[in-house]
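I have placed the structure first, in the form of structure tokens, so that the comments after it can refer back to it.
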Amino acid sequence: MPPTDPADTIAVIELRQYTLRPGRRDELIELFDREFVETQEEAGMFVLGQFRDLDDPDRFVWLRGFRDMAARHHALTAFYNGPAWAEHGPQANATMLDSDDVLLLRPLSDEHGFALSPSRRPRFGTPAPDRFVSATVWSFPPGRSDGVALIRDGLLPALHSTGPAPLVALTTETAHNTFPRLPIRSGENVAAIFTSYPAESTCRQHLADVLAHPLVRDEILPGIEREQTTAPRILRLAPTGRSVLS
């Protein structure tokens, strides 16, 4: 039986970014929201958020969660060997060019995990919410914790104090991938923050307020920049009608 409320149980999260064949994103979203939400959760996982990438019409971004790595193995085995994937998986795969851009993550701390429940999920066919979700992913050298600590202990409090609290803050889960049938990006050390806004203009104002914070401007962001291996990746996302994370 699937769990009824993951608010205090999700310890492992996949951030999955798919590159699709041109013009087929809406086909995949319709199939996904109709056939792959309840069936995955019946197998023991949590479908947390499905999004259109606003900067690429052929990108689909989604997150799913698990209680722990053992539960992930059991749930993925059950689903991908089960009837829903056997029936609809070929159609889903036909829309995709690449599905291997996957980060294995965990909550940045006990205070920054998911506080959402699939019991609140809209029904299939519900119009997409009029929300804008911003996700920023920072990359740091493997084995170094300073950049992630600056985000957890410095940037996150500033975000809380100047605007809407982030939906979730995540960092790399370093456990071995126990389901190699689905590859994940190895050797990663990232932090990721997802925040929801009523409009993109609200997001821009929030970021301006954060940048005006003297501690953020003069110490925290320069410290993060010194630690990062590349500029952060910023995702501009629009939730689908069945996304719990919105």
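Observations
- Being under 13 Å from the mean Cα position of the chain (by Cα) and either under 21 Å from F179 (Cα atoms) or not basic (K, R) (or both) holds for only one residue in F51, F36, and it is F51.
- Number of the condition not met by A86 [criteria: (1) of a type in the set (A, V, I, L, M, F, W, C); (2) touching a Ser or Thr at 6+ places or on another chain (Cβ under 9 Å); (3) not in a strand (DSSP E or B)]: (2)
- When G154 is tested against the conditions (1) more than 26 Å from R52 (Cα to Cα); (2) touching a residue at least 40 places away in the same chain (Cβ under 8 Å); (3) exposed (fewer than 13 other Cβ atoms within 10 Å of the Cβ), the lone failure is (3).
- Of all residues in region 221-246, those that are surrounded by 20 or more Cβ atoms within 10 Å (Cβ to Cβ), farther than 18 Å from V190 by Cα and out of contact with any helix residue (DSSP H, G or I) (no Cβ under 7 Å at 6 or more places or on another chain) total 5.
- All positions within region 157-168 that are surrounded by 20 or more Cβ atoms within 10 Å (Cβ to Cβ) and part of a loop (DSSP other than H, G, I, E, B): P166, L167
- Pairs with Cβ under 8 Å, 6+ apart, first in region 25-49 and more than 17 Å from T126 (Cα to Cα) and of a type in the set (S, T, Y), second at pLDDT 95 or above and open to solvent by 30 Å² or more (accessible area, probe 1.4 Å): T39/W85
- Of all residues making up region 169-220, the number that are surrounded by 13 or more Cβ atoms within 10 Å (Cβ to Cβ), farther than 20 Å from A75 by Cα, touching a residue at least 12 places away in the same chain (Cβ under 8 Å) and of a type in the set (A, V, I, L, M, F, W, C): 11
- Region 6-35: number of residues that are assigned to a loop (DSSP other than H, G, I, E, B) and within 30 Å of L108 (Cα to Cα): 6
- Residue count for region 120-144 under the criterion of being closer than 20 Å to I29 by Cα and either open to solvent by 60 Å² or more (accessible area, probe 1.4 Å) or assigned to a loop (DSSP other than H, G, I, E, B) (or both): the result is 12.
- Some residue of region 104-116 being loosely packed, with under 14 Cβ neighbours inside 10 Å, of a type in the set (D, E, K, R) and part of a loop (DSSP other than H, G, I, E, B): no
- Failed item in (1) within 29 Å of T174 (Cβ to Cβ); (2) polar (S, T, N, Q); (3) more than 17 Å from the chain's Cα centre (by Cα), with T126 passing the rest: (1)
- Qualifying residues in region 202-242 (those that are polar (S, T, N, Q) and within 19 Å of P164 (Cα to Cα)) - the one nearest to the chain's Cα centre (by Cα): T202
- Unique match (being of a type outside the set (S, T, Y) and under 19 Å from the mean Cα position of the chain (by Cα)) among A158, A175: A175
- Evaluated against (1) closer than 27 Å to D110 by Cα; (2) in a helix (DSSP H, G or I), R64 falls short on exactly one condition, (2).
- The one condition from (1) over 18 Å from T95 (Cβ atoms); (2) open to solvent by 30 Å² or more (accessible area, probe 1.4 Å) that M45 does not meet is (2).
- Residues (surrounded by fewer than 16 Cβ atoms within 10 Å (Cβ to Cβ) and touching a Leu at 6+ places or on another chain (Cβ under 7 Å)) located in region 50-97: L54, Q91, L97
The values are calculated or read from the model by the stated rules, or taken from the named source; none is laboratory data. The structure displayed is predicted, hence computed values, not measured ones. So basically every Cβ, Gly included, is an ideal-geometry build from the backbone, and we count neighbours across all protein chains shown. Just the protein is used for accessible areas: all its heavy atoms, side chains included, with ligands, DNA and RNA removed. Shrake-Rupley method; radii C 1.70, N 1.55, O 1.52, S 1.80 Å.
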